[in-house]
Amino acid sequence: MILSAYVARRFLRTLLMIAAIFAAILFLIDIVEQIRRFSGENIGLAGAARLSALNITASFYSILPLVTVLAGIAMFLNMSRSSELVAIRASGRSGLRILAAPAVAAALAGILCVAILNPMVAATTKHYDDAVTRLRSDGGQTVSLGESGVWLRQALRSRDADGTETMGQVVIRATRASPDATTLYDATFMVFAPNAGPTRRIDAAEARLTQGAWQLSEVKEWPLTDPNPEATARTYPRMELPTDLTAARIRDSFGRPEAIPVWKLPQFIRGLERAGFSAQRHKVWFQMELARPLLMAAMVAIAAAFTMRHMRGRKMGMLVLGAFGCGIGLFFLRNLAQVLGENGDIPPVLAGWTPPIVALLFALGALLRLEDG
């Protein structure tokens, strides 16, 4: 146990050091990108640094598996150069027992990442998106889910009698929507004038999204500026309401799955399905997050399969490249499985768990082949 704890502590120290280096590099690169992106907003260096601190958390979280394989490579190389691996093997320990300590440490680090870092990433991503929306000042649109249905908000441009363009808002509530987000059922549109309250209420049995407009059917409209709106209400078989929304923008407004804490994902998925939207992307991400600890353990196993040996000369460089190449290959295999899962070609459970399981079995097979007995 003392030896296992020593190896685990050494791996965690290496992991934290490499993670800090990558976080610093991402931060500096992102500051430059934020200054370039918002050059016309005069956000300054402090504002760019604040946006970068919010934005890099998602990028850093996504590359954690690659950081893990680099930490495994660095630790086993250092132990090989100091002949610690030779001494440990001479004491009678097998390669699998040596690997167990850092692999378990990586899995525990993965559990902490999912439990603690994932909600932090979700919060910072949401704050970053809100900050970008405020900087752009384009009115924007948001989508939310509630027990009563789907809620949307969109900007509405109109012109006064003198030709001045004003920006109002439209709040939309629908009982449910089609999976492709192009049709709303039992929809209510509340039109708000700029710097004023609601001016119109429009109810429609169905609202179909076309290019640049909502096509409403079985419509009833109330002018809320009148003393008795019901007395002056009108009904129409059809009506058109301008919009700058598209189906893709509505789906994107639900936010990336990364922007939702993993603990809230099951409830969010149920809300999406209750509203009629497809939750495939969120289901795949949920399974991938559950499999993250196994993925990080698999990355350590891949590093061990190539570098947990006594190495000298050019052979060491080739093995290090092989280990890092396999880590990148697993990273892209995981992304490919995510795409296939989001498209519905494979089940979400298969998309989330297959890549780390296959990589772990591959690494264990390579280690067993190298064992002396």
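Worth pointing out:
- Mean-position separation - Cα centroids, the stretch 273-306 and the stretch 52-109, in angstrom: 20
- Fully extending the segment from ARG234 to ASN343, taken as 0.36 nm per residue of separation minus the present Cα-Cα distance, adds 34.9 nm.
- In terms of packing, defined here as the mean over residues of other Cβ atoms within 10 angstrom, the peptides 102-109, 27-34 line up highest first as 102-109, 27-34.
- For TRP214, the residues whose modelled amide H falls within less than 5 Å of its own, excluding neighbours fewer than 5 places apart on the same chain, are LEU241, THR243.
- Cα-centred dipole magnitude for the stretch 1-84, charges only on beta-carbon of K, R (+1) and D, E (-1), debye, nearest 20: 200
- Accessible surface ranking for SER83, SER217, 1.4 angstrom probe, highest first: SER83, SER217.
- Remark: the chain carries a charge dipole of roughly 1820 debye about the Cα centre, counting +1 on each Lys and Arg Cβ and -1 on each Asp and Glu Cβ.
- Helix runs (DSSP H) in the chain reaching 18 Å along axis by Cα, Kyte-Doolittle at least -1.0: 2-37, 44-62, 64-81, 95-112, 118-136, 292-307, 314-342, 348-370
- Evaluated at q = 0.08, 0.10, 0.19 Å⁻¹: base-10 log I(q)/I(0), Debye formula over Cα of the stretch 200-344: -0.47, -0.62, -1.11
- For the chain, convex hull volume per residue from C-alpha positions, Å³: 172
- Working note: 222 nm ellipticity from helices only, DSSP H runs with n ≥ 4, each -39,500 (n - 2.57), summed and divided by the residues of the chain, gives -19500 deg cm²/dmol to the nearest 500.
The values are calculated or read from the model by the stated rules, or taken from the named source; none is laboratory data. Note that the structure is predicted; figures quoted are calculated from it, not measured. Cβ sites come from the backbone with ideal geometry, for glycine too, and all protein chains shown count toward neighbours. Please note that ligands, DNA and RNA were not included when accessible areas were found on the heavy atoms of the full protein model with its side chains. Shrake-Rupley method; radii C 1.70, N 1.55, O 1.52, S 1.80 Å.
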